[in-house]
Amino acid sequence: MPLTIDTDREYDLEDLQYDIEDSRETDRWCDAPPDVKSLFHEIEWNIIDGEHTITTDFINKALSFKVTARTLVAGPMAAGIAEVGRRFKMDEYFLPEVMMSAKCMHEALDLIRPLIQAEKCEEVGTVIVGTVQGDLHDIGKKIVAMMLEAAGFTVHDLGVTVPPERFIEAIREYKPQIVGFSALLTTTMNMQWETVKAIDAEGLRQNVKIFVGGAPISQAWCDKIGADAYAMDALVAVEKAKACVTGLSNMKGGDPALHEAMLEIDRLREEVKASATAVG
Ligand code: B1M
């Protein structure tokens, strides 16, 4: 039986700001057996410290406890890289440290990818993803691509710094139902808009449902640039993508009713979250 651990809760990551050598009491991963909880803390710390070999050793150990690949990505790996982001923002970390932590994430994702692919369900559709032109960030996009694959999509990942014309070429080649743009920089988010405009100018806008994501991206930005869906994380991306190829498959890209249906998914999720909090 796979061991699933709650990764949906919002945790306080304050303890990660201090160098703690010994095992700690935190509110995270409390539903995990003690051995796994401490392994998760080791994974968080080794990503923060940029220790890629040790990170992958601990990932392998966690897998031997039958922790699912998805739990590892959404749990300790997400917590570790979030703290790296905070340190970078506060000038506590500089690029070399961030690059070492990014290497940990990439190696761990490479290790996990075959397992996620093995979880793949029945084929449901085709998606193209890419990080927009000028932007080199790809950890989040890779996670989204992997989760979509596990949900049954064939995913064509165009890589990083993808110009609008490459997206257009790929839409013609792969005929996807969905195309997703990732952008992590405030200076490159505008390329999402340029890419939407270029797809529109080529007469392809109705052929594809456009998803946008990345740290500076919001629902307001998605509305402004005329994309169909904003996904704040990989799980939301999967939920919305599945809706696009099932109940909403007849809707065209750019249809205001599709945009509204995507917002309804967010509203329902918020309601479920609120009622779970009220019960808890
Ligand atoms: Co960069 N970086 N970085 N960086 N980096 C940020 C983004 C930054 C916020 C850090 C900070 O200051 N706090 C900042 C941007 C500030 C701004 O724009 N206002 C920044 C900067 C400034 C830079 C450079 C300019 C630094 C420099 O050179 N001086 C430079 C830019 C290079 C370039 O792109 N041209 C740079 C470089 C790098 C590294 C190469 C060192 C490395 C990237 C390695 C890599 O990706 N291969 C890096 C990293 C690692 C980060 C942080 C620390 C972490 C990003 C990350 O991987 N997060 C980041 C800080 C932060 O975001 N808080 C930062 C984890 C990942 C799981 O989350 O990517 O948000 P995320 O993905 C989520 C969702 O957003 C969503 O789902 C994902 C999974 O849940 N999602 C989608 C993402 N894409 C989606 C697409 C979809 C749907 C959902 O469509 C289907």
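The values are calculated or read from the model by the stated rules, or taken from the named source; none is laboratory data. None of these values were measured; they are calculated from a predicted model. For neighbour counting, all protein chains shown are included, and Cβ atoms are generated from backbone atoms with ideal geometry for every residue, glycine included. Only protein heavy atoms, including side chains, enter the accessible area calculation; ligands, DNA and RNA are left aside. Shrake-Rupley method; radii C 1.70, N 1.55, O 1.52, S 1.80 Å.
Going by the conditions given, is residue 58 open to solvent by 30 Å² or more (accessible area, probe 1.4 Å), assigned by TED's automatic domain parsing to the domain that holds residue 26 and in contact (Cβ under 8 Å) with a residue 12 or more places away in the chain? Break it down stepwise before answering.
Values: open to solvent by 30 Å² or more (accessible area, probe 1.4 Å): yes; assigned by TED's automatic domain parsing to the domain that holds residue 26: yes; in contact (Cβ under 8 Å) with a residue 12 or more places away in the chain: yes.
Yes: the conditions hold for residue 58.
Filtered by the rule that a residue be part of a helix (DSSP H, G or I), away from the ligand (no atom under 12 Å from the Cβ) and small (Gly, Ala, Ser), region 183-241 gives 198, 201, 220. Among the numbered conditions (1) within 13 Å of the ligand (Cβ to nearest atom); (2) outside the structural domain of residue 244 (by TED's automatic domain parsing); (3) under 14 Å from the mean Cα position of the chain (by Cα), the only one that residue 113 does not meet is (1).
Summed over region 167-176, residues that are touching a residue at least 24 places away in the same chain (Cβ under 8 Å) and either within 19 Å of the chain's Cα centre (by Cα) or away from the ligand (no atom under 16 Å from the Cβ) (or both) total 3.
Of all residue pairs spaced 6 or more apart or on separate chains, those with beta-carbon atoms under 8 Å, a first member in region 1-19 that is among the aliphatic types (A, V, I, L, M) and a second member that is open to solvent by 40 Å² or more (accessible area, probe 1.4 Å) are 1/66; 3/33; 3/65; 3/66; 5/31; 13/82; 13/86. Of 188, 161, all but one fail to be modelled with pLDDT of 95 or more and open to solvent by less than 20 Å² (accessible area, probe 1.4 Å); the exception is 188. In the set 120, 142, 103, only one residue is under 16 Å from the mean Cα position of the chain (by Cα) and outside any strand (DSSP E or B); that residue is 142.
Within region 145-166, restricting attention to residues that are assigned to a helix (DSSP H, G or I) and within 12 Å of the ligand (Cβ to nearest atom), which residue is farthest from residue 241 (Cα to Cα)? Write out each step before concluding.
As a first pass, look at region 145-166 and keep what is assigned to a helix (DSSP H, G or I): 145-150, 164-166.
With within 12 Å of the ligand (Cβ to nearest atom) added as a condition, the list becomes 145-148.
On the way: 145: 11, 146: 13, 147: 11, 148: 8 Å.
Here the answer is 146.
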